[in-house]
DNA sequence: AACGCTAATGTGCGTCACACACTATTGCAA
DNA sequence: TTGCAATAGTGTGTGACGCACATTAGCGTT
C-alpha cells in the first residue's frame, strides 16, 4: 500500500469522532444540515454530505440533538439543535480531548 | 441508552486512531508489546492487550513497524520498532492532530 | 513435585462510524 | 423549460476496536 493511502487511512481514523463533537458544539445555535457542512468546512472539519446526514440522525436518535422542520420559507429545511444531554456530552468530550492533548504533549516531551 | 454508556461510546470514537500515533511515537525506541501496555497506560492511553496485539501486527504488515524476537533472555519477547515510513507517518499525523487542535480552538472561541 | 500466578502473545466474533456511490425533490436562474 | 444547485436521504462495504477466549512458559509457594 502506497504511503499516501496509508496516511489517508490513519488520518481518517484519527479524525474519527471529532465530527460529532464539532457538530454538538456548533449546533448550540440551531442550524440545518446543508449549512452545517459549510460551517464545519470553514473550521477545518471537512465532511461529505452523505456522512453528515446519517450522523445527524444518529445523534438525534441518541437524544443529543433535537430537530424541527422549518416550513416558513419557500424551501423546507430541517433544523437541528444541541439538546441539554448533547451539551453535557460535548462538555465531557471536550475534557476528554484536552486530556488526550496533554497525553501527547507528555509523549513528545519524552524524546 | 443511559448517558454514561453514550459518553463511553463517543469517547471511544474520539480516541480512535490516537493509539496508533502513540505507538509510533513510543516505539522510536524498541520495545515489546506487554511493556508497551504499561508505557501507554502511564501516558494516559489505556488499551486492552487484545486490542494492542492485533494493532501491532497491523502496523507491521503496513511497514510502519519492524519486529524481532529477542531470545537472549529466558522469556522470549517480540520487540517492535518504528520504521522510517512509520516515523514519517507519525510526523504527518502529529501535524494533522495539531490542525484539529486549532480547529477546536477556533470553534470554542466562536461561542 | 504439583499447583497456581503472572508474563507474554495470540485468535474469532460482533459492533459502530465513516466513505463511496447512488437516489429524490424542489426552487431559481439562464 | 431546461438545467443546475440546494437539501435531504439510503444501501453497502471496510476497518478499528472491545470482549471473551485460548496458549505457552517461567516463577514462587506449599
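The values are calculated or read from the model by the stated rules, or taken from the named source; none is laboratory data. As the structure is a computational prediction, the values presented were derived from the model and not from experiment. Positions of Cβ are backbone-derived with ideal geometry, glycine not excepted, and every protein chain shown enters the neighbour counts.
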For residue A:50, the lone unmet condition from (1) within 14 Å of chain B (Cβ to nearest Cβ); (2) within 13 Å of DNA strand C (Cβ to nearest atom); (3) surrounded by fewer than 16 Cβ atoms within 10 Å (Cβ to Cβ); (4) within 29 Å of residue B:62 (Cβ to Cβ) is (1)
Residues that are out of contact with any strand residue (DSSP E or B) (no Cβ under 7 Å at 6 or more places or on another chain) and modelled with pLDDT of 95 or more, drawn from the stretch A:65-84:
A:84
Go through (1) more than 12 Å from the chain's Cα centre (by Cα); (2) at pLDDT 95 or above; (3) crowded, with 17+ Cβ neighbours inside 10 Å one by one and return the number of the condition residue A:100 breaks.
(2)
Condition (residue is within 20 Å of residue B:106 (Cα to Cα), away from chain B (no Cβ under 12 Å) and assigned to a helix (DSSP H, G or I)) applied to the stretch A:7-15: is it met by at least one residue?
no
Looking at the structure I just gave you, is residue B:93 crowded, with 17+ Cβ neighbours inside 10 Å and within 12 Å of chain A (Cβ to nearest Cβ)?
yes
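Provide a single number: the residues in the stretch A:12-33 that are within 14 Å of DNA strand D (Cβ to nearest atom), more than 10 Å from the chain's Cα centre (by Cα) and over 15 Å from residue A:100 (Cβ atoms). Before you say what the answer is, go through the steps one by one.
Narrowing the stretch A:12-33 to residues within 14 Å of DNA strand D (Cβ to nearest atom): A:12-18, A:23, A:26-27, A:30-33.
Filter once more, keeping what is more than 10 Å from the chain's Cα centre (by Cα): A:12-14, A:30-33.
Now restrict to residues that are over 15 Å from residue A:100 (Cβ atoms): A:12, A:30-33.
Going through the stretch A:12-33 one residue at a time, the tally reaches 5.
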Of the conditions (1) buried (at least 18 other Cβ atoms within 10 Å of the Cβ); (2) modelled with pLDDT under 95; (3) at the interface with another protein chain (Cβ under 8 Å from one of its Cβ atoms), residue B:20 satisfies every one except a single condition; which number is it?
(2)
From (1) more than 26 Å from residue A:20 (Cβ to Cβ); (2) within 13 Å of DNA strand C (Cβ to nearest atom); (3) over 12 Å from the mean Cα position of the chain (by Cα), pick out the condition that doesn't hold for residue B:83.
(2)
Quickly run through the stretch A:18-37 and pick out the residues that are out of contact with any strand residue (DSSP E or B) (no Cβ under 9 Å at 6 or more places or on another chain) and farther than 16 Å from residue A:58 by Cα.
A:37
If the Cβ limit is 7 Å and pairs must be 6+ apart or interchain, which residue in the stretch A:62-76 that is within 12 Å of DNA strand C (Cβ to nearest atom) pairs with which residue that is not in a strand (DSSP E or B)?
A:62/B:1; A:62/B:6; A:64/A:24; A:64/A:83; A:64/A:85; A:64/A:86; A:64/A:89
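Just to be sure, is residue B:42 surrounded by fewer than 11 Cβ atoms within 10 Å (Cβ to Cβ), within 12 Å of chain A (Cβ to nearest Cβ) and over 19 Å from residue A:14 (Cα atoms)?
no
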